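Colleague: Take a look at the following structure, please.
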Amino acid sequence: VPLAFVCGGGRLESEGVHMKGSEAMERTADLRLVVFNKTGTVTNGNLQIKKIYPTQEFSEKNCLALAAAAEQLSQHPIARAIASACQEKLPKIEEFEEFPGRGVRARIGDHVLLVGNRKLMVSRGVKGLPDIDGTVVYIACEGEHIGVIELEDTVRPSAADAIKKIKDQGVERTVLITGDAETPTQRIANAAGIDTVHCGLMPEEKQAKLDFMMRTIPTDGTTAYVGDGVSDIEQLKMADVGVAMGTRGSRYSADAANILITANDLSGLGEAVQVCKTTHGVAM
Ligand code: ADP
Ligand code: MG
């Protein structure tokens, strides 16, 4: 075992980066394409409510309370933001369903609530949805549109430096993929220095997109997928190097990933690539 492996490994551990084995390190040393998920990966996932657009019969407060009631059992960052913005005591949910990449359905007493994106609403026949250019969720009660909540996420302060660092280490292409809308996604990509975005993707479309990129983007190196490890298991497995970020990740994502970043920060990624390059170089 080369000395750099030991030293580098120790330095990474102290920064909250766990590499699973020397094969992961070798593949990381050859990275050319890095695909990032947005929410909770490149952004911090602590969304703020920017604006509430109730329909005529509702107030902003009503809209928020209904959305929070429906979202109380979801761990999605959007759900957490909505629930924590609501001061009201929330009613008990009798039925709850979560649709990955779409939203939630909850029954409270006789009322059926839907909170989610346009795809969810359209699939349930909800009509009269306004067009708002941003990160938005629609709220429907008994199949009627009752309002929109616009949210805003923040790029991680460490993202731009980490991405510059991996590019300096030989990564040729960086891509951001997300279920979110184009305008906020482009804003995050610009702030982080990520070259390409693919937005509005359902979970299975993200997987297909990663597969497509791995097969069609000509590089002589490896591909990493960096995700939050909750809805990203398949991509973590598919990539040559799966990187699971943050502390929300499950045991399953820990199994699927080759690198775990437990620090709530992206800078460990830049460090990891640098250490692997150095180690690999010494090992050769
Ligand atoms: P990302 O790709 O940015 O990680 P997700 O795939 O987790 O995003 O979610 C994509 C979209 O699905 C969100 O932007 C939102 O519109 C919708 N969505 C998913 N889960 C929820 C939820 N619990 N409540 C409302 N909307 C949701
Ligand atoms: Mg996500």
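Rule-based calculations on the coordinates, nothing more; no lab input. This one's a predicted model, so the numbers in the text were calculated from it and none came from an experiment. Note: ideal-geometry Cβ built from the backbone for every residue, glycine included; neighbour counts use all protein chains shown.
Colleague: Holding the Cα-Cα limit at 23 Å, pick out from Lys38/Lys89; Lys50/Lys119; Lys20/Lys165; Lys50/Lys165; Lys119/Lys209 the pairs that are longer than that.
Modeller: On the way: Lys38/Lys89 31 Å; Lys50/Lys119 21 Å; Lys20/Lys165 21 Å; Lys50/Lys165 32 Å; Lys119/Lys209 19 Å.
Violating the 23 Å limit, Cα to Cα: Lys38/Lys89; Lys50/Lys165.
Colleague: Normalised by the residues of the chain, what does the relative contact order come to in percent, with Cα pairs under 8 Å and at least six apart? Before the final figure, lay out each step's value.
Modeller: On the way: 584 pairs, mean separation 77.4, N = 284.
27 percent.
Colleague: Also: Pull out the extension gain between Lys127 and Ile217, defined as 0.36 nm times the separation in residues minus the alpha carbon to alpha carbon distance; nm, one decimal. List each step's numbers first, then the result.
Modeller: Details: separation 90, 0.36 × 90 = 32.40 nm, distance 3.99 nm.
The Lys127-Ile217 span can extend by a further 28.4 nm.
Colleague: On C-alpha positions alone, give me the angle between the axis of helix 159-168 and the longest principal axis of the chain, in degrees, nearest 10.
Modeller: Once rounded, one gets 30 degrees.
Colleague: May I pose another question? Grab the beta carbon distance between Lys89 and Thr154, set R0 = 22 Å, and tell me the FRET efficiency rounded to 0.05.
Modeller: Working: r = 29 Å, r/R0 = 1.32.
After rounding to 0.05, the efficiency reads 0.15.
Colleague: Next question. Report the gain in length on full extension from Ser22 to Glu97: 0.36 nm times residue separation, minus Cα-Cα distance, nm rounded to one decimal.
Modeller: Values: separation 75, 0.36 × 75 = 27.00 nm, distance 4.10 nm.
Result: 22.9 nm gained on full extension.
Colleague: Over what distance in Å are the Cα centres of the range 75-124 and the range 194-248 separated?
Modeller: 27 Å
Colleague: Under a Cβ-only charge scheme (Lys and Arg +1, Asp and Glu -1), can you give me the dipole magnitude of the range 48-152 about the Cα centre, in debye to the nearest 20? Intermediate results must be reported in sequence, preceding the final value.
Modeller: Working: 13 positive and 15 negative charges, 34 e Å.
For this selection, approximately 160 debye.
Colleague: How do the peptides 23-32, 210-219 rank, highest first, by the average count of neighbouring beta carbon atoms within 10 Å per residue?
Modeller: Numbers: 23-32: 20.1, 210-219: 14.1.
Those peptides, ordered most packed to least, come out 23-32, 210-219.
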